[in-house]
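The values are calculated or read from the model by the stated rules, or taken from the named source; none is laboratory data. Computed from a predicted model, the values in this text were never measured in an experiment. We place every Cβ from the backbone using ideal geometry, glycine too, and count neighbours over all the protein chains shown.
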Ligand SMILES: *Cc1c(COP(=O)(O)O)cnc(C)c1O
């Protein structure tokens with residue numbers, strides 16, 4: 001199993017590099033999504049030299065990561081799942097980046113906590129590019145004004161994140177995210193998962209979020 005994880009990293013990084021270069025972009029950063037996997041599997045990835053990880057639940061991350069962080073310096077941990085305002089304090093203490101900034105109430109809570117803690121997590125606004133009612137994220141039409149409100153709160157937004165609808169061609173959603181971000185002069189784009197990280201890389205993702213293709217199926 002541990003050999004397999006190491007091999008998967010090699011294969012996926014090579015594929016990302018090829019796809020990014022093909023699109024004329026620097027290689028996207030690989031966020032290893034470790035949600036649903038235990039500390040042993042994460043440790044294997046860390047021992048293989050990987051340092052960039054994603055988790056979708058604050059609570060789960062708070063159990064798994066504090067000790068690993070002490071043992072493996074240089075870690076970068078991204079929150080890629082929804083953030084409730086009552087977990088903002090814990091999230092800011094745990095994560096180096098929050099990719100799911102999606103509403104004003106959360107922006108306000110983050111602004112307060114960032115000021116209080118002195119920590120400055122990297123922030124991505126999540127965009128609901130497919131305009132799916134069941135999905136979180138800012139609608140494309142509301143992005144510019146939300147971005148301005150975040151700036152008004154003193155939040156330093158670095159980029160955008162999206163999760164395309166499962167039944168649609170992801171490429172058009174990735175292209176839309178790039179276009180929206182370009183209009184706001186944003187430079188970072190978290191897009192692409194196990195099934196479509198190459199497409200995302202070729203379209204200029206700076207971060208791809210890959211779980212299953214590295215660690216296998218989740219329990
Ligand atoms: C789980 C998850 C991923 C990784 O999905 P895989 O298909 O396992 O690669 C990426 N992004 C988000 C937001 C996720 O919740």
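Quick notes
- Considering (1) in contact with a strand residue (DSSP E or B) (Cβ under 7 Å, 6 or more places away or on another chain); (2) under 25 Å from residue 201 (Cβ atoms); (3) within 16 Å of the ligand (Cβ to nearest atom), the lone condition that residue 36 does not fulfil carries the number (1).
- Residues of region 39-67 satisfying the condition of being more than 16 Å from the ligand (Cβ to nearest atom) and either out of contact with any strand residue (DSSP E or B) (no Cβ under 9 Å at 6 or more places or on another chain) or free of Cβ contacts under 8 Å to residues at least 24 places away in the same chain (or both): 39, 40, 43, 44, 47, 48, 49, 62, 63, 66, 67
- From the list 175, 144, the lone residue that is in contact (Cβ under 8 Å) with a residue 24 or more places away in the chain, more than 21 Å from residue 79 (Cα to Cα) and touching a helix residue (DSSP H, G or I) at 6+ places or on another chain (Cβ under 9 Å) is 144.
- Residues in region 30-50 that are within 28 Å of residue 85 (Cα to Cα) and touching a helix residue (DSSP H, G or I) at 6+ places or on another chain (Cβ under 9 Å): 30, 32, 33, 34, 35, 36, 37, 38, 39, 42.
- Residue identified as modelled with pLDDT of 95 or more and either within 16 Å of the ligand (Cβ to nearest atom) or surrounded by 15 or more Cβ atoms within 10 Å (Cβ to Cβ) (or both) among 81, 118: 81
To keep it simple, each residue is scored yes or no on (1) within 13 Å of the ligand (Cβ to nearest atom); (2) modelled with pLDDT under 95; (3) within 14 Å of the chain's Cα centre (by Cα).
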residue: 171; (1), (2), (3): no, no, no
residue: 175; (1), (2), (3): no, no, no
residue: 182; (1), (2), (3): no, no, no
residue: 185; (1), (2), (3): no, no, no
residue: 188; (1), (2), (3): no, no, yes
residue: 197; (1), (2), (3): yes, no, yes
residue: 208; (1), (2), (3): yes, no, yes
residue: 219; (1), (2), (3): yes, yes, no
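- Single match in 159, 192, 204 (criterion: within 15 Å of residue 25 (Cβ to Cβ), within 12 Å of the ligand (Cβ to nearest atom), touching a strand residue (DSSP E or B) at 6+ places or on another chain (Cβ under 8 Å) and not in a helix (DSSP H, G or I)): 192
- Which listed residue, of 91, 107, is within 16 Å of the ligand (Cβ to nearest atom), assigned to a helix (DSSP H, G or I), under 19 Å from the mean Cα position of the chain (by Cα) and in contact (Cβ under 8 Å) with a residue 12 or more places away in the chain: 91
- Residue count, region 47-56 (criterion: crowded, with 16+ Cβ neighbours inside 10 Å and at pLDDT 95 or above): 6
One line per residue, one yes/no per condition, for (1) part of a helix (DSSP H, G or I); (2) surrounded by fewer than 14 Cβ atoms within 10 Å (Cβ to Cβ):
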{"position": "7", "(1), (2)": "yes, yes"}
{"position": "26", "(1), (2)": "no, yes"}
{"position": "31", "(1), (2)": "no, no"}
{"position": "45", "(1), (2)": "yes, no"}
{"position": "66", "(1), (2)": "yes, yes"}
